[in-house]
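Trainee: Structure in structure tokens, see below.
Nothing in this text is a laboratory measurement; each read-out follows from the coordinates by a stated rule. The model shown is predicted, which means the values in this text are computed figures rather than measured ones. Cβ sites come from the backbone with ideal geometry, for glycine too, and all protein chains shown count toward neighbours.
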Amino acid sequence: MDRWTAARIKDQSGRSFVVTGANSGLGFETARQLAAHGARVMLTTRSEAKGQAAVDRIKSESPDALVEFRVLDLADLDSVRAFAGAITGSAIAVDVLVNNAGVMFPPRALTRQGFESQFATNHLGHFALTGLLFDTIRRGNDARVVTVSSLEHRGGSIHFDDLTGVRSYSPRAFYRQSKFANVLFALELDRRVRAAGIPVRSVLAHPGWSATNLQTSAPTGVMKQLMRIGNRVLAQSAEMGALCQLYAAVDPGAESGSFYGPDGLGELRGHPTRVRPAPSATDAETARRLWELSEELTGVGFGF
Ligand SMILES: NC(=O)c1ccc[n+]([C@@H]2O[C@H](COP(=O)([O-])OP(=O)(O)OC[C@H]3O[C@@H](n4cnc5c(N)ncnc54)[C@H](OP(=O)(O)O)[C@@H]3O)[C@@H](O)[C@H]2O)c1
């Protein structure tokens with residue numbers, strides 16, 4: 001895997017990908033590279049205008065790219081159901097779902113269904129989306145679910161007794177919770193598909209620190225200023241940051257139940273390599289508890 005780059009992506013003609021949050025940052029770079037390698041790519045975006053602009057940018061580089069967009073708000077389970085229903089009610093194939101969209105460090109806010117916004121967007125929305133699309137994905141060719149977590153998962157835990165932060169909320173603690181949930185979910189999905197003998201790979205990735213809109217769109221105050229400086233001084237490009245999730249999505253060597261992050265110092269930058277999740281994020285009992293809670297909160301099951 002040494003110094004894996006997008007040049008190592010084989011022809012993806014005939015393969016279909018859904019990339020969430022694909023108008024910006026890592027999602028856009030992922031969609032752009034997949035499309036440039038012949039894949040059919042559905043970008044999900046929060047508005048028609050953002051979707052059209054992203055598709056136009058990709059087509060200006062690759063005029064024959066098979067790209068389209070659909071609107072999806074992961075913080076709203078009605079939107080997730082509508083999006084998934086439109087896919088499953090059509091002939092659209094999904095070989096690979098890239099659960100990429102995310103929000104970081106917003107002030108406390110609740111979603112339409114009453115969930116804390118980072119947990120809802122980063123975890124619950126993707127949990128529901130994966131469950132609703134799972135029958136389509138499992139029929140796919142080299143089927144995969146890629147979940148994008150973060151180094152921040154290491155400081156995370158699930159606040160089972162205060163999931164919405166009503167008693168105590170810190171933007172960072174709740175971002176960490178959501179990224180910890182991403183790891184628990186992807187590893188539990190891997191365990192469950194293996195146990196059921198279903199040929200779907202569940203692969204985790206993180207991008208180190210990559211300069212995108214993530215650091216400035218939701219944080220406020222001093223945190224926003226620090227993030228802006230960090231993006232200039234410490235971060236790698238979004239193009240480099242997308243490599244780990246691209247590797248997870250397409251490379252034959254990417255293994256289910258594995259986590260891929262950058263190979264540089266502190267996993268902050270570099271080329272994809274296998275990395276270790278925090279030991280607490282590999283706890284099967286916590287993962288089972290989160291899975292069952294997520295089924296209850298979203299009303300979505302996986303049918304196995
Ligand atoms: N950049 C990093 O250093 C870094 C580090 C660790 C992990 N990550 C993870 O990487 C992933 C991608 O982030 P990024 O860095 O590329 O940030 P980004 O440039 O801000 O992109 C995030 C994407 O998610 C979308 N999104 C936000 N809330 C959404 C919602 N409710 N429903 C649907 N889509 C929503 C955004 O849409 P809008 O444009 O409409 O806001 C955007 O398309 C995230 O999961 C993030 O946690 C990033």
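Trainee: So what are the ³J(HN,Hα) numbers for segment 286-303, from phi and the Karplus equation (6.51, -1.76, 1.60; θ = phi - 60°), rounded to whole Hz, Gly and Pro as x?
Mentor: For segment 286-303, the Karplus-derived couplings read 5, 5, 5, 5, 5, 4, 5, 5, 5, 4, 5, 5, 9, x, 10, x, 9, x Hz, x marking Gly and Pro.
Trainee: Work out from phi, with θ = phi - 60° and the Karplus expression 6.51 cos²θ - 1.76 cosθ + 1.60, the ³J(HN,Hα) of each residue of segment 187-204, listed in order in whole Hz, and give x for Gly and Pro.
Mentor: Using θ = phi - 60°, the values come out as 6, 5, 4, 4, 4, 6, 5, 4, 4, 8, x, 9, x, 10, 8, 10, 10, 9 Hz.
Trainee: Using packing as a proxy for protection, rank 120-131, 220-231 so that the peptide with the highest average count of other Cβ atoms within 10 Å comes first. Kindly include the intermediate steps, with their values, before the conclusion.
Mentor: Details: 120-131: 26.3, 220-231: 12.9.
Descending packing order for the listed peptides: 120-131, 220-231.
Trainee: A further question follows. Name the residue from Ala218, Leu297, Ala109 whose Cα lies farthest towards the positive end of the charge dipole of the chain, charges +1 on Cβ of Lys and Arg and -1 on Cβ of Asp and Glu.
Mentor: Highest projection toward the positive end goes to Ala218.
Trainee: Further question on the same structure: Quick one: how many lysine pairs does the chain have with C-alpha atoms less than 24 Å apart and a gap of 8 or more or different chains? Give me the count, please.
Mentor: The result is 4.
Trainee: What net charge do the residues around Ser168 carry, taking every other residue with its C-beta under 13 Å from that of Ser168, with Lys and Arg at +1 and Asp and Glu at -1? All intermediate terms of the calculation are to be shown ahead of the outcome.
Mentor: Values: positive: Arg108, Arg167, Arg172; negative: Glu116, Asp161, Asp162.
In short, 0.
Trainee: Once phi is turned into θ = phi - 60°, what whole-Hz ³J(HN,Hα) does the Karplus curve with 6.51, -1.76 and 1.60 give for every residue of segment 240-246, x standing for Gly and Pro?
Mentor: 5, x, 6, 4, 5, 6, 5
Trainee: Quick one: which residues, 5+ away or cross-chain, put their amide H under 5 Å from the amide H of Ala101? H built at 1.01 Å from N.
Mentor: Placed amide hydrogens put Thr20, Gly21 under 5 Å from Ala101.
Trainee: Calculate for the chain the 222 nm mean residue ellipticity that helices alone would give, adding -39,500 (n - 2.57) per DSSP H run of length 4 or more and normalising by residue count, nearest 500 deg cm²/dmol. Working shown, then result.
Mentor: Working: 10 runs with 121 residues, N = 304.
Here the helix-only value at 222 nm equals -12500 deg cm²/dmol.
Trainee: Which cross-chain or sequence-distant (5 or more) residues have an amide H under 5 Å from the amide H of Val67, H modelled 1.01 Å from N in plane?
Mentor: Under 5 Å from the amide H of Val67 lie the amide H atoms of Val41, each far enough along the sequence or on another chain.
Trainee: Gap in Å between the Cα centre of segment 258-297 and the Cα centre of segment 187-212?
Mentor: When both Cα centres are located, 9 Å separates them.
Trainee: What residues qualify as long-range amide H neighbours of Gln236, i.e. H under 5 Å apart, gap of 5 or more or another chain, H built at 1.01 Å from N?
Mentor: Correct list: Trp209, Ser210, Ala211.
Trainee: Taking the Cα centroid of segment 69-116 and of segment 26-64, what is the distance between the two, rounded to the nearest whole Å?
Mentor: Their Cα centres are 17 Å away from one another.
Trainee: Further question on the same structure: Of all beta bridges DSSP finds with both residues in the chain, what is the antiparallel percent, to the nearest 5? Kindly include the intermediate steps, with their values, before the conclusion.
Mentor: Values: 5 of 30 bridges.
Percent antiparallel among DSSP bridges in the chain is about 15.
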